[in-house]
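Inspection log for the structure reproduced underneath, given as structure tokens.
The values are calculated or read from the model by the stated rules, or taken from the named source; none is laboratory data. If you're wondering where the values come from, they're calculated on a predicted model, not measured in any experiment. So basically every Cβ, Gly included, is an ideal-geometry build from the backbone, and we count neighbours across all protein chains shown.
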Amino acid sequence: MPKKTTYSAIHWSACTDVGRYRKKNEDAFLALAIDAEGVRRLGKYGHAKLHGCDYVIAVSDGMGGANAGEFASQVAVDKITNLLPQSLAAAEQGEEIDFQSILSELFMQIHAELLLLGRSYEELSGMGATLSLCWVRPYRLYFCHVGDSRIYHLCSSGTLSQLSQDHTHAGWQYSKGQINELQMREHPGRNALQQALGGKTQTMNPCLGNVGYELGDQFLLCTDGLVEGLWDSGIKRILAGTNSNLECSVAERLVKEAVTTDGRDNTTALAVYFSQCVV
């Protein structure tokens, strides 16, 4: 019999839904693989070897009148595809790559582009977007975030943590332990963004960080529509039930339950997990 080999793998799934009441979907998501040969867009679900590639995943929630919100979120994710490889190529001329500086500069460029478009076209005035992005390397993940979309990390030990901070007053209070999850959900200012890409935000201070991970860990990027329909305990329950034999992907199960429970807003989820595969 041929000798079996093992390799570390990344698995991903993504799903977006307009919700039960909205007419347009202003959410967008992106999954990329970056290697020496260039940049490839990934499909809604799949798996690949963890080593040999960097992976970039992102979700964005647009805002603005008419078609502006839908356009803003699409601009945000499209700019990642165009700008990130350029930034990475420039950084590789040095000895070490400062991932967080690259991500911070990327967000500033997208912010400037949306502000320019908003000033240049009346129909796009005031448009903006949230953006939550993760850059995945073997056993370390770098993230950058602005707005009230979220990034979660579920450790193989079963601990769920929110890596991002909602850029609202309620989100700040929650991050400081001043209010609990229920109080944050009922807070009158829970949807009043203090920061976003574009919009009326002239200065921006994105949330940056990095975290190590192990095989068996999972990460979730989602827009606020999913959070409206699922408490953290519900998110943890569905992520913990990850099983390749189920008919629906992790992202589909998350979105389906959130829309069924609430569904007032567009809802998007992009989930990744890491495993050991045998071939």
* **Subset of the stretch 30-69 (residues that are farther than 22 Å from Leu220 by Cα and either without any contact (Cβ under 8 Å) to a residue 24 or more places away in the chain or of a type in the set (Asp, Glu) (or both))** => Asp35, Ala36, Glu37, Gly52
* When both residues are 6+ apart or on different chains and their Cβ atoms are under 7 Å apart, which pairs have a first residue that lies in the stretch 184-210 and is surrounded by 15 or more Cβ atoms within 10 Å (Cβ to Cβ), and a second that is acidic (Asp, Glu)? -> Leu193/Asp148
* Asked: Looking at Ala58, Ala68, Ala14, which one is in contact with a Lys or Arg (Cβ under 6 Å, 6 or more places away or on another chain), at negative phi and surrounded by 20 or more Cβ atoms within 10 Å (Cβ to Cβ)?
  -> Ala14
* Segments classed as strands (runs of 3 or more DSSP E), wholly inside the stretch 1-93, with at least 3 members that are of a type in the set (Val, Ile, Thr) -> 6-17, 54-63
* To do: Would you point out which residue out of Ala240, Ala196, Ala258 is over 24 Å from Gly171 (Cα atoms) and at pLDDT 90 or above?
  => Ala240
* Residue satisfying all of: in the stretch 71-97; modelled with pLDDT under 85 and of a type outside the set (A, V, I, L, M, F, W, C); surrounded by the most Cβ atoms within 10 Å (Cβ to Cβ) among these -> Ser87
* Residues (farther than 20 Å from Val75 by Cα and either without any contact (Cβ under 8 Å) to a residue 40 or more places away in the chain or crowded, with 16+ Cβ neighbours inside 10 Å (or both)) located in the stretch 211-224 -> Val211, Tyr213, Asp217, Gln218, Phe219, Leu220
